Amino acid sequence: MIKDLCQKLVEPLLRQAEGAQLDGLTELFGLWGQLGIEAYEGARPNAWIGEFFPTEICAIFDLNPIHAEGLICLLVMEGMGSEIIDRAVDYTLSRDPCTFQLGTMAGIFDRILPDPEVLLRANHSCIGREKQFQSATAFYGKPYHYIDLPNNFIGATEDYVTRQMEELFRKLERQFGPLATPSRIEEVFANSNRIRENCLKIN
């Protein structure tokens, strides 16, 4: 079902006349849909990520960054929010969390989400995400790596985060191979910086 909704997002890209230009939002949703289709087809390893995890790391290791709650959002947009909540309650989950959290938990247990090869997350104010990732790593039997980002910047903060990143890279290299070459890192961050600069211009 979710894969079909991703396909609907991609259709404007496929129907686009040569030389024509889509509005930015339609194109962005189309690209999001493409990532969703890739995730279900297993085109490359899927990394479930939290919103604030640096996707540059996914690009370096050629991982497909999947935001599970974003895929559940497609079902909600199709008017299936109440069904998702009811399904989560069938699993004895509380109705207190948001629809997207409940939907993700139900999606994990019903196996309607694309299987992850790894789960990656940095600090996030939403405590429901931690429950999702803990459940998913146990359910799928895949590793879960967490980066702790302190709230305050003090003298030791940069070294503290750097050590965690270095350890994460070692773990990802053991799982996916030595892809983090200096040239690859430079290429990924050059692209990331161009995107950031263009976003600033648009704003």
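Sorting Phe53, Phe169 by solvent-accessible area of protein heavy atoms yields Phe169, Phe53, largest first, with a 1.4 Å probe.
Legend: Rg and Dmax of the stretch 86-203, from Cα coordinates, 18.0, 49 Å. Express in Å², to the nearest 10, the accessible area of Trp32 obtained by rolling a 1.4 Å probe over the protein heavy atoms while all chains stay in place. The accessible area of Trp32 comes to roughly 80 Å². Under 1.5 on a/c is rounded, so check that first for the chain, then, if it is not, pick prolate when a/b is larger than b/c and oblate when it is not; a ≥ b ≥ c are the square roots of the alpha carbon gyration tensor eigenvalues. It comes out oblate by the Cα gyration axes. Sites listed here are GluC sites (Glu not before Pro) in the stretch 1-86 whose DSSP assignment is loop and whose Cβ has at most 11 other Cβ atoms within 10 Å: Glu18. As a length-normalised measure over Cα pairs under 8 Å and 6 or more apart, the relative contact order of the chain settles at 19 percent.
For the stretch 55-100, the list of chymotrypsin sites (Phe, Trp or Tyr not before Pro) that fall in a loop by DSSP and count at most 13 other C-beta atoms within 10 angstrom reads Tyr91. A cut-off under 14 angstrom between Cβ atoms defines the neighbours of Lys8, and their net charge, with Lys, Arg +1 and Asp, Glu -1, is -1. Considering the options Ile85, Phe100, Gln132, tell which one lies farthest towards the positive end of the dipole of the stretch 78-175, charges being +1 on Lys and Arg and -1 on Asp and Glu at the Cβ, about the Cα centre. It is Gln132.
For the stretch 61-186, give the magnitude of the charge dipole about the Cα centre (Cβ charges: +1 Lys/Arg, -1 Asp/Glu; no others), in debye to the nearest 20. Each step should come with its number before you reach the end.
Working: 12 positive and 18 negative charges, 45 e Å.
Its charge dipole is roughly 220 debye.
How much net charge surrounds Val188 when only other residues with a Cβ under 14 Å from its Cβ are counted (Lys, Arg +1; Asp, Glu -1)? If you can, show how the numbers build up before the last one.
Values: positive: Arg184, Arg194, Arg196; negative: Glu56, Asp62, Glu186, Glu187.
Overall, the nearby charge balance is -1.
When both the stretch 26-46 and the stretch 144-203 are represented by their alpha-carbon centers, they are found 22 Å apart. Can you give the accessible area of Met77, probe radius 1.4 Å, in Å² rounded to 10? Roll a 1.4 Å probe over it and Met77 shows about 120 Å².
Scanning the chain for trypsin sites (Lys or Arg not before Pro) in DSSP loops with at most 11 other Cβ atoms within 10 Å, what's the longest stretch left with none? Spell out each step's value before the answer.
Numbers: sites that count: Arg95, Arg111.
Maximal segment without exposed cleavage sites: 1-94.
Ordering Gln175, Gly33, Ile60 by the projection of their Cα atoms onto the charge dipole of the chain, which places +1 on the Cβ of Lys and Arg and -1 on the Cβ of Asp and Glu, puts Gln175 at the extreme positive end.
In the neighborhood of Arg121, defined by Cβ-to-Cβ distances under 11 Å, what is the net charge if each Lys or Arg adds +1 and each Asp or Glu adds -1? Don't skip to the end; give the middle numbers.
Details: positive: Arg129; negative: Glu51, Glu130, Asp148.
It works out to a net charge of -2.
Estimated from helical segments only, the mean residue ellipticity of the chain at 222 nm is -20000 deg cm²/dmol, where each DSSP H run of four or more residues counts as -39500 (n - 2.57).
Rounded, prolate or oblate: which one fits the stretch 92-142, using the alpha carbon gyration tensor with axes a ≥ b ≥ c (rounded when a/c is under 1.5, else prolate when a/b beats b/c, else oblate)? Oblate, because a/c is 1.5 or more while a/b does not exceed b/c.
The values are calculated or read from the model by the stated rules, or taken from the named source; none is laboratory data. Because the structure is predicted, anything quoted here is derived from the model rather than measured. FYI the Cβ positions are ideal-geometry reconstructions off the backbone, even for glycines, and counts take in every protein chain you see. Just the protein is used for accessible areas: all its heavy atoms, side chains included, with ligands, DNA and RNA removed. Shrake-Rupley method; radii C 1.70, N 1.55, O 1.52, S 1.80 Å.
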